[in-house]
1. Take region 97-114 and flag every residue that is in a loop (DSSP other than H, G, I, E, B) and surrounded by 13 or more Cβ atoms within 10 Å (Cβ to Cβ).
2. Filter region 155-192 down to the residues that are surrounded by fewer than 16 Cβ atoms within 10 Å (Cβ to Cβ) and within 10 Å of residue 129 (Cα to Cα) and list them by number.
3. On the basis of being part of a helix (DSSP H, G or I), over 26 Å from residue 193 (Cα atoms) and modelled with pLDDT under 90, does residue 127 make the cut?
4. Looking at region 136-145, which of its residues are in a helix (DSSP H, G or I) and surrounded by fewer than 23 Cβ atoms within 10 Å (Cβ to Cβ)?
5. List the helices (runs of 4 or more DSSP H) inside region 183-261, counting only whole elements, that have at least 2 residues being outside the structural domain of residue 277 (by TED's automatic domain parsing) and either at pLDDT 90 or above or under 28 Å from the mean Cα position of the chain (by Cα) (or both).
6. Is it the case, given these coordinates, that residue 288 is touching a helix residue (DSSP H, G or I) at 6+ places or on another chain (Cβ under 8 Å), surrounded by 14 or more Cβ atoms within 10 Å (Cβ to Cβ) and assigned to a helix (DSSP H, G or I)?
7. Report, by residue number, each residue of region 262-277 that is assigned to a helix (DSSP H, G or I) and loosely packed, with under 15 Cβ neighbours inside 10 Å.
8. Select, from 280, 303, 229, the only residue that is touching a residue at least 60 places away in the same chain (Cβ under 8 Å) and surrounded by 14 or more Cβ atoms within 10 Å (Cβ to Cβ).
C-alpha cells in the first residue's frame, strides 16, 4: 500500500466543506476536520480543535442549570466522591416500579449499602469525614477549610493516631487545626460545642495532632478576633479600625502574652468605642467574647497604659 492510498481513505478525519465563511486571506474554500480549519487554496490555518473535547454537561431531573457529568473529586468523602447510589423505585423514565422488579431493587440497595465499606478503617474514615462536614457547616466554614480539615483527618488516620481516641474528638480537632492553619479566629471553646464530645477530649486530640504532625500554626493574636467581634456587636468601621490599631500597639508593646485573645479584642473594641462615643458597654463586649466584665476592664486598663 502506498502513502497516497492511506490519505485517500481519510477514515480518521471528519472533513466538512459546507457553507462556511471564505478564507480571510485569499477568499478560497475552507475545509474543517477534527483537528483544524484550513483553507484549501493558500493553506492558511484559521482555527484548531474545532470539536469541543471538554467534559459533557447534563441537566438533572428537577434542576434548572446544567452540570458536569459526575461530581468533582473531593477529600470530604471517604471515596473521594466516586461512590454510586441506587435511587428510588423508579425507572429511567420516572415510572414507578412494582412487583418483583421493586423487590429486586430493594435487595440490590441493601447489598449495595452493605458493600459500601471495604474495611473497618474505611468505615471510621467515613464517620469522621461526616462529622467534619457537619461541624464545618455549623461553623459556616468555607469549602477549602473543610477540605483541609478532611485531609488532616486522613493524615492522622494514615499515621495511626486514631486507635485509642474518639473519632468525634479527632474530627473536631481536625476542624480546629485547619482553622488555626488558616489564621481564622476560632477557639476550641467555639468548636467543642459543635462536637459530640467534651472540650477536654477535643483539646487532647488537637494536642496530639499538633505534636505528631507538626501543624504550621502560629499563636492566636487579638487582631484576628477584632473583625468578628465588631461584626457581632454592630460596631462602625471607625471603631473597628481603631480597635485594630490598639491591638497592634499592644502586640508591639508585648502586653498580649498569655492573655485571652478574644477578651483582649473585646477590651480593644470597648476602648475604641469610648473614644468614638459609640454605645458599647463592657457587659456587651464581655458577652460576645465569652469572658467576664472584669476581664474586659483589666484589658482596658492595660491598653490605657500602653497608649499613654
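The values are calculated or read from the model by the stated rules, or taken from the named source; none is laboratory data. Note that the structure is a prediction, hence the values are computed from the model and not measured. Cβ: placed from backbone, ideal geometry, glycine included. Neighbour counts: every protein chain shown.
1. 97
2. none
3. Here the answer is no, as residue 127 does not meet what is asked.
4. Once the filter is applied, which keeps residues that are in a helix (DSSP H, G or I) and surrounded by fewer than 23 Cβ atoms within 10 Å (Cβ to Cβ), region 136-145 yields 137, 138, 139, 143, 144, 145.
5. In region 183-261, 188-191, 199-213 are the helices (runs of 4 or more DSSP H) which contain 2 or more residues that are outside the structural domain of residue 277 (by TED's automatic domain parsing) and either at pLDDT 90 or above or under 28 Å from the mean Cα position of the chain (by Cα) (or both).
6. Against the criterion (touching a helix residue (DSSP H, G or I) at 6+ places or on another chain (Cβ under 8 Å), surrounded by 14 or more Cβ atoms within 10 Å (Cβ to Cβ) and assigned to a helix (DSSP H, G or I)), residue 288 qualifies.
7. Residues satisfying the conditions are 274, 275.
8. It is 229.
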